[in-house]
Amino acid sequence: MVIFDTLSGEKKELPTGREIKMFVCGPTVYDYPHIGNARTFVFFDMFAKYLRSTGIKLTYLQNITDIDDKIIQKAKDEGTSWREVSKKYEEIYRANLEALGMDTQHMQFARATDYVPEIIAQVKHLHENGFSYLIEGDGWYFDISKYAGYGELAHRTVQQAEDGVTRIDDSSKKKNAGDFCLWKLSDDPTLQLGDDGLGAGRPGWHIEDTAITEKFFGPQYDIHGGAIDLKFPHHEAERAQQEAASGKLPFVNFWMHAGFLTIDGKKMSKSLGNFMTVDDLLTKMTPDEFRMMLLMHHYRSPLDYTEQAVKMAKDSIHYFMVRVQNLKNQAASNENEKEFEEAMNDDFNTPRALATLRSCTDPAVIAKNLASLGINITVNIPPDVQVLLQKRELSRASKQFEQSDALRKEIEGLGYIVEDTPVGPLVLPKN
Ligand code: AMP
């Protein structure tokens, strides 16, 4: 199996025969998750499901950023505390994960504020190694000029690295414009999460991820993921931090970045009025249809959410349902199975993998392979409904339409609807 790695710019072989460790940046819980966030998280959920379906043992860890400038600002706007804000939106995030069938992350999610001792230890370690400095009354900063590889991940020059601004690093006293905050000092008692010689304060944005992964995975592991917007400065900063703290290279073997989702060609934003939450989405399409829409595009490509993309995904789910219910059991050729695997093993080429399933004639293979991506198209039809269906097919074949209509009504009474398609009836649960 080969996976594209952003740092080397190449597809590389995923090691086999041992456990794979993956960390994916989780949400900053200050607002309702939108469908762009969902694209990234559904992709990594599919990735985990598919890997595990092939027998690979994968540990998938995700954090939750529950303290940060945006959360603090939201608390001010809502006249509440940052803890209330992060608690509320974490619950909404979890409910959305469940609604979208994402269940592959290991353990409880790692909240930044639950790992303050680990964060402080890493900040101190970076200072001991000579990579940071203190701006009095402000915070501890990482000095990017001390880390030779800064900018390599995002393929940026030193000059470009200098223009990076992160969420909490605007200080005129920084040594380099791109230096980022590791530990933010605060006079506000509600923002004093620790001290231990650094001064009372709270973590910077980037440090939580490396402190958490170092605790669970050690200084080096296999895969680090997120969407493409995180490549710079967030992932660049993480790489610098962890390699500077441990002296061990490389921090990770694969940097995986999912493409951005836009709506009708535009970046999603509240001011443009095109911000779509996961809750909004679920009034328009089912979780399986949404997943299908995502997987009909390659994960690294940008994806534009349009009415047409929604319709194509719905049609595709419909197509596979009809085929699975109506294809008579013909064993698939091994060729079909192999083509699906080859497409998936080539950096998760899901558009090609789905195309191979369209020509597959074995309903069991179609359903199994879609399930390995997290798409469920099988309808459990109870035996009494099946008997009525068969009777209905016989009456239709002998053109006894009154009888077939009566049987349709009887089936509806049992909670199922029947849709006649050119290749046979499709049965769906009502609603
Ligand atoms: P945030 O809560 O802003 O930290 O974002 C959570 C995750 O969603 C991160 O991996 C982001 O990179 C990703 N993300 C944010 N916006 C989009 C988008 N429009 N399309 C795809 N992924 C996104």
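The values are calculated or read from the model by the stated rules, or taken from the named source; none is laboratory data. As the structure is a prediction and not an experimental result, all values here were calculated from the model. FYI the Cβ positions are ideal-geometry reconstructions off the backbone, even for glycines, and counts take in every protein chain you see. The protein model used for the area step is the full one, side chains on, heavy atoms only, and it has no ligands, DNA or RNA in it. Shrake-Rupley method; radii C 1.70, N 1.55, O 1.52, S 1.80 Å.
At a glance:
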item: Helix axis angle, 207-217 relative to the chain longest principal axis, alpha carbon, degrees; result: 70 degrees
item: Nearest-10 value in Å² for the accessible area of residue 18, using the 1.4 Å probe; result: 110 Å²
item: When each of 74/270; 146/248; 146/231; 284/311 is checked by Cα-Cα distance, pairs over 18 Å; result: 146/231
item: Reachable lysines, given that their alpha-carbon falls under 25 Å from the alpha-carbon of residue 338 and they are not under 8 places away in the same chain; result: 11, 12, 49, 57, 328, 368
item: Carbon and sulfur %, accessible surface of the chain computed with the full protein complex present, 1.4 Å; result: 51 percent
item: Pair residue 266, residue 133: separation of 7 Å Cα→Cβ label points (nm); result: 4.4 nm
item: The chain: angle of helix 236-246 to the longest principal axis, Cα-based, in degrees nearest 10; result: 60 degrees
item: Residue-normalised accessible area of the chain, given per residue in Å² at a 1.4 Å probe; result: 45 Å²
item: Per-residue SASA entry for residue 339, accessible area with 1.4 Å probe, Å² rounded to 10; result: 70 Å²
item: For residue 31, solvent-accessible area (1.4 Å; no DNA, RNA or ligand), Å²; result: 30 Å²
item: For the range 335-431: Kirkwood Rh in Å [reciprocal of mean 1/r, alpha carbons]; result: 15.5 Å
item: Binned Cα-Cα distance frequencies in the chain - 10 Å width, integer %; result: 4, 19, 26, 23, 14, 8, 4, 2, 0
item: On Cα atoms only, tilt of 35-53 relative to the major axis of the chain in degrees; result: 70 degrees
item: Counting DSSP beta bridges with both ends in the chain, the antiparallel % (nearest 5); result: 55 percent
item: For residue 58, net neighbour charge (Lys/Arg +1, Asp/Glu -1) across residues whose Cβ lies under 15 Å away; result: +1
item: Taking the chain and dividing mean pair separation by its residue count, relative contact order in percent (alpha carbons under 8 Å, at least six apart); result: 16 percent
